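Below is one structure, written out as structure tokens; comments come after it.
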Amino acid sequence: MRGKFITFEGGEGTGKSTQAAMLAMRLEALGLSVLLTREPGGSPGAEIIRHVLLSGAAKPFGPEAEAMLFAAARDDHVRCTILPALAEGKWVVCDRFADSTRVYQGTLGAVDPRFIKALERVSVGDLAPDLTFVLDVPVALGLKRAALRREGASPDRFEAEQIEFHEKLREAYLALAAAEPDRCVVVDASAGKEAVAKRVWDAANSRLKPAGPRLLENLAS
């Protein structure tokens, strides 16, 4: 049986990596086989491209070039990591996926939506998340969290953008979630991580029922 595919999206400092890891641990505690991964990255080839993108080396070439690099990384990630894991029945939890390109390069970078869709056809094909969490926090809070996380290190390519960029980013994610309510769940991530994790778990359990098969097995034994 094919596994489930869950993605986390949102702006900078919303806690995507933390919440993805916490959900993966919760699923594993149920006895499920789980793969925790990220984008850009998640496979050897994609990790190399990750360094190029987040260092800002590709920025001078424009958002179209960045979109192509993200697609190249995603193609390697999907083929080498995500699809094999899903075929094995694993639950895949991914920190960012195709929605990030739609928002960052598409909406904010003004890359033609037809070009974005063409890249998705090549890199993603028919693969789509079963559930996407859009973590939402006020921009000022998100940037403050991102700065604390860096511990004095320089901001990456996207954290370094002006606050107007991040405001538009938040609006774009909320619009995306509103357009696809069957797949996307917006979670207020401004609270502490444990409270946010509960909101995430409640939604995941309601939508995908990961505890269901295990509970049935326990009742039958």
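The values are calculated or read from the model by the stated rules, or taken from the named source; none is laboratory data. Small disclaimer: the values here were computed from a predicted structure and weren't measured. Every residue, glycine among them, receives a Cβ derived from its backbone with ideal geometry; neighbour counts consider all protein chains shown.
Overview of results
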read-out: Neighbours by Cβ (under 9 Å, 6+ apart or cross-chain): first from segment 89-109, farther than 23 Å from Leu208 by Cβ; second β-branched (Val, Ile, Thr); value: Thr101/Val111; Thr101/Ile116; Gln105/Val111; Gln105/Ile116; Gly106/Ile116
read-out: Among the candidates Glu66, Glu88, Glu120, residue that is on the phi < 0 side of the Ramachandran plot, buried (at least 19 other Cβ atoms within 10 Å of the Cβ) and not hydrophobic (A, V, I, L, M, F, W, C); value: Glu66
read-out: Subset of segment 171-197 [out of contact with any helix residue (DSSP H, G or I) (no Cβ under 7 Å at 6 or more places or on another chain) and crowded, with 19+ Cβ neighbours inside 10 Å]; value: Ala177
read-out: Any hit, segment 77-90, residues being of a type in the set (Ser, Thr, Tyr) and part of a helix (DSSP H, G or I); value: yes
read-out: In segment 103-117, the residues that are under 17 Å from Ala177 (Cβ atoms) and surrounded by 21 or more Cβ atoms within 10 Å (Cβ to Cβ); value: Val103, Tyr104, Gly106
read-out: Number of positions in segment 131-170 that are surrounded by 14 or more Cβ atoms within 10 Å (Cβ to Cβ) and in a helix (DSSP H, G or I); value: 13
read-out: Residue count for segment 181-204, restricted to those that are outside any helix (DSSP H, G or I) and without any contact (Cβ under 8 Å) to a residue 40 or more places away in the chain; value: 4
read-out: Matching residues, segment 72-108, being of a type in the set (A, V, I, L, M, F, W, C) and over 21 Å from Phe133 (Cα atoms); value: Ala72, Ala73, Cys80, Ala87
read-out: Odd one out for Leu53, checked against (1) assigned to a helix (DSSP H, G or I); (2) of a type outside the set (Val, Ile, Thr); (3) at pLDDT 95 or above; value: (3)
